[in-house]
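See structure below.
The values are calculated or read from the model by the stated rules, or taken from the named source; none is laboratory data. Given the structure is predicted, the values throughout are model-derived calculations rather than measurements. FYI the Cβ positions are ideal-geometry reconstructions off the backbone, even for glycines, and counts take in every protein chain you see. Note: accessible area is taken over every heavy atom of the protein model, side chains too, but ligands, DNA and RNA are not part of it. Shrake-Rupley method; radii C 1.70, N 1.55, O 1.52, S 1.80 Å.
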Amino acid sequence: MTEQPRTPSDFSEPDWEGIARHLAGEGTVVERARVQQAIDEQPARAALINLLAEVGRAPQPMAPTADEIETALAHVHSRAAQDKRTASAPRRASVTVLDVYRNRWRHARFAAAAAVLVVAGASLVWRAAVKRTPALDTPTIYATAAGAMDSLTLPDGSHVLLGPGSRLILGKGFRANQREMTLTGEARFTVVHNAAHPFVIHTVAATIRDVGTIFSVHSDGAAGARVVVTEGSVDVEALSVGAHQTLAAGDVAVVATGGGIRVQRNAVGAEDLAWTQGRLVFRDASVAQVTADLHRWYGVDVNVDSALARRPVTASFDRGLSGADVVKIVAATIGGALSDEAGVLHIVSVPAGSLTK
């Protein structure tokens, strides 16, 4: 399983000099507005910038307190006692009181300068993070092993439960330019809807476009694609004929490789979502689909006699069973016998009246 990718737009080098001036309260109105807009447009860096603002925030100069004024006047009186030229005392009093402001001003400027140093350090941290983070200039692959499932959150906030032996490939520029991916295997998607950037899934037989929904997609080679919608709606396109169908919650669509779309309205049942709970369920499934799923779930390779290849399979299996036991049950279901040749399982036809091995 790859690490969650981050997009180049989130990790482009910020204008640290402009940010430092912005935090120090410097720059023209136009410059400050430009920096603020850049911060607002990049949520990934906004949190860091806000933290820097707190760390480097300079205290506002305040009027001297009564104690500070008394101290300043006492200092003036002490000097006056030593210097008979009292005419200079008012000037010295004024200068001493102003020193309080100036000291505070210097402290504020020091804090602003410290903010610049903190920002400079943040730039080094930022660049180090960029070096550790894969950019999406190439496709990013998520994959699960046979019998394993995993969940992930995509960069756009959408959630995916990736089924056993499945692969999800994110296209270049995912989130930055477009939200497209390719699926082999099975996955359940909970999509964050974005009309400006459609969520598109490519399979061997169909293209699925989100219209704001929760849905599952099953796609395995010759078995085509199966789409199950549990919330919202999706648009399904059969690649071979260019036909489109819009599915609503409760609908199921089957797209055959090289064929059209067969839609069942309000047909979603518990068996359609059983795989998310670790159960492999077949309902009048083709042998091609069964053998593909057995490879993904149990890591076994199964060849089926052509005489049995058209027989549908209806069965249910828990993950606790071994691959060999499951294949043996499938063989009995379609009226075949099981043999093992060099680690490859074969389901072959048997003469009428013979017992299945």
Checked the stretch 241-299 for anything hydroxyl-bearing (S, T, Y), outside any loop (DSSP other than H, G, I, E, B) and open to solvent by 50 Å² or more (accessible area, probe 1.4 Å); matches are T246
Of the residues in the stretch 265-320, those that are free of Cβ contacts under 8 Å to residues at least 24 places away in the same chain and of a type in the set (G, A, S) come to A267, G269, A270, S306, A309, G320
Exactly one of A270, A249, A243 is among the aliphatic types (A, V, I, L, M) and within 17 Å of A225 (Cα to Cα), and that residue is A243
Scanning the stretch 174-201 residue by residue, those open to solvent by less than 10 Å² (accessible area, probe 1.4 Å) and either in a loop (DSSP other than H, G, I, E, B) or touching a helix residue (DSSP H, G or I) at 6+ places or on another chain (Cβ under 8 Å) (or both) turn out to be G185
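Residue-wise test of (1) hydrophobic (A, V, I, L, M, F, W, C); (2) within 30 Å of the chain's Cα centre (by Cα).
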{"residue": "V252", "(1), (2)": "yes, yes"}
{"residue": "L273", "(1), (2)": "yes, yes"}
{"residue": "S339", "(1), (2)": "no, no"}
{"residue": "I347", "(1), (2)": "yes, no"}
